Amino acid sequence: MSFQDLNLNTPLYNALDDLGFTTPTPIQEKAFNVVASGKDVVGIAQTGTGKTFAYMLPILKNLKFSQQENPRVLVLVPTRELVVQVVEEIEKLSKYINTRVLGVYGGTNINTQKQAIAEGLDILVATPGRLYDLALSRVLQLKSIQKLVIDEVDVMLDLGFRHQLINIFDILPERRQNIMFSATMTQDVDELITDFFRSPERISIAVSGTPLENISQQRYIVPNFYTKINLLVDLLQDDSKFHRVLIFVAYKRMADRLFEQLDTFFKEELCVIHSNKTQNYRLRSIEQFKEGVNRILVATDVMARGLDIDNVSHVINFDTPEYPENYMHRIGRTGRAERQGEALVFSTEKEADAIAAIEGLMQMEIPVLALPDAVEVSTELIPEERPQIKERNNPTKRRDEDAPGPAFHEKSAKNSKENLGGSYQYKIAAKYKKPKTRGDKNYNKRNKRK
Ligand code: AMP
């Protein structure tokens, strides 16, 4: 396929020519018609796959010239670096189109940004917090937004932006196209899609289910968290074999919990990265792991993405990824550059379905190893493992504070008045303390005369 097949227009072709791009990347090819159709879209694609153009090409092709001041396209991204990068990409692509693009992010002077907005724009690229502040200040009008793009949703949710996103959804026009891109599929992302998207079309570049030949895979069947810890501690004792170990967990609370447990045994050799840690802390952890100062790195899927670390001897899946693609990404961190790599996965009975999905994708079974004799089987359970007592039909219990329901949107002032039976007597009563009769029109006159 070439860009000619996408039926773009001359200004876009000229811009692509200037960039020297001739063929669309797979995600661009897949996304074009879906995004152009106006439907809600969820795209799974990593940075470097050309995802920015995947949504910008169809958007720019269909964006009519307009002199109106309010933006019509809003792109939300998690970091200021990404704002800058996305703005640059859009500017390259719209070189021959009269499109006004602006990037805004927190930590800088808001007044300069307000002035820039007041001059009018078509496409706004923003981080969620700053966008909300600008919208509240009323300088920024969002009523003309037709397309909302959320890029790197997984990172955004991992950084704790869910609330801000929901607040923003609330002030955007209801009739709009939602387009979202994420590198990893996580439970948070899945929930957001279910709650706020209208039967979105999903696109992804198929993750190869064929693992590298030089990665050996093995599985341990382990009953619970504490037994997993015992097993891990037992394995990690062998530091000549397990000399550079990347341990994956699904979410940051688990990363902290695991770190805490391992800290007792491997204090000097251990580091952790997830989104609650500062950027500096994360960079230092990665550096130390790369240099071999620390032998063990605990990471979440979202944070490990894009890590460029070679020579990992073992990838340990402390939990079994629910999305098989994540498993492929995880184990791909070892066995690089022709080296032999080992991948281990710990799975409980609850995780059996996830294992089946992974094995289905790879079309192979992961050999199971017996627990070493030295590993003590624990019966202690963490809160998530304890049986949940489900109350049925409890009207006061909500699964999640953020869960949207019928009363999720604030009522407008007009509708929030209480209906007291349609009589104005109540108002009058409140004002005059005692009921004023309607029948006696001369009541006041008479009283005045007295
Ligand atoms: P992204 O995944 O959007 O961060 O893009 C990664 C890089 O690929 C960017 O520098 C783009 O300019 C570049 N790129 C995007 N589309 C193409 C294409 N069709 N051919 C070659 N490079 C591309």
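Points to keep in mind about this one:
- Whole-Å distance, taken between Cα centres, linking segment 277-335 and segment 205-234: 14 Å
- Each listed q (0.13 Å⁻¹) maps to a log10 I(q)/I(0) for the chain, found by the Debye formula over equal Cα scatterers with no solvent: -1.23.
- The Rg/Rh ratio of segment 252-301, with both radii computed over alpha carbons and Rh defined as the Kirkwood radius, is 0.93.
- Percent RCO, i.e. relative contact order, over segment 71-218, from Cα pairs under 8 Å lying at least 6 residues apart: 26 percent
- Remark on V125: its backbone amide H falls under 5 Å from those of V75, L102, G103, V104, a criterion applied only to residues 5 or more positions apart or on other chains, H modelled at 1.01 Å from N.
- For G335, the residues 5 or more places off, or on other chains, whose built amide H falls under 5 Å of its own are V312, G341, E342.
- Per residue, the chain exposes 55 Å² of solvent-accessible protein surface, assessed with a 1.4 angstrom probe and all protein chains in place.
- Over all pairs of different C-alpha atoms in segment 290-368, the reciprocal of the mean inverse distance, the Kirkwood hydrodynamic radius, equals 13.4 Å.
- Segment 260-342 - percent of accessible surface contributed by carbon and sulfur, probe 1.4 Å: 42 percent
- A simple rule links phi to the HN-Hα coupling: the Karplus curve 6.51 cos²θ - 1.76 cosθ + 1.60 with θ = phi - 60°, which for segment 261-272 gives 5, 6, 4, 4, 9, 10, 2, 6, 10, 10, 9, 9 Hz, with x for Gly and Pro.
- Interchain or long-range residues, amide H under 5 Å from I247's placed H: L297, V298, A299, I316
- 0 to 90° range, to nearest 10: angle between helix 187-196 axis and the chain longest Cα axis: 30 degrees
- Directionally averaged projected area (convex hull, Cα atoms, segment 88-215), nm²: 10.9 nm²
- Computed from backbone phi, the HN-Hα couplings of segment 322-331 come to 6, 9, x, 4, 5, 4, 4, 5, 4, 5 Hz, rounded to whole numbers (Karplus: 6.51 cos²θ - 1.76 cosθ + 1.60, θ = phi - 60°; Gly and Pro given as x).
- Overall form of segment 122-172 per C-alpha gyration tensor (a/c, 1.5; a/b vs b/c): prolate
- Charge dipole (Cα centre; +1 on Lys/Arg Cβ, -1 on Asp/Glu Cβ; no other charges) of the chain amounts to roughly 4980 debye.
- The chain, helix-only ellipticity at 222 nm - DSSP H runs n ≥ 4, -39,500 (n - 2.57), divided by all residues, nearest 500: -11000 deg cm²/dmol
The values are calculated or read from the model by the stated rules, or taken from the named source; none is laboratory data. Keep in mind it's a predicted model, so treat the numbers as computed, not measured. We place every Cβ from the backbone using ideal geometry, glycine too, and count neighbours over all the protein chains shown. Quick note on the areas: whole protein, heavy atoms, side chains included, nothing else; ligands and nucleic acids left out. Shrake-Rupley method; radii C 1.70, N 1.55, O 1.52, S 1.80 Å.
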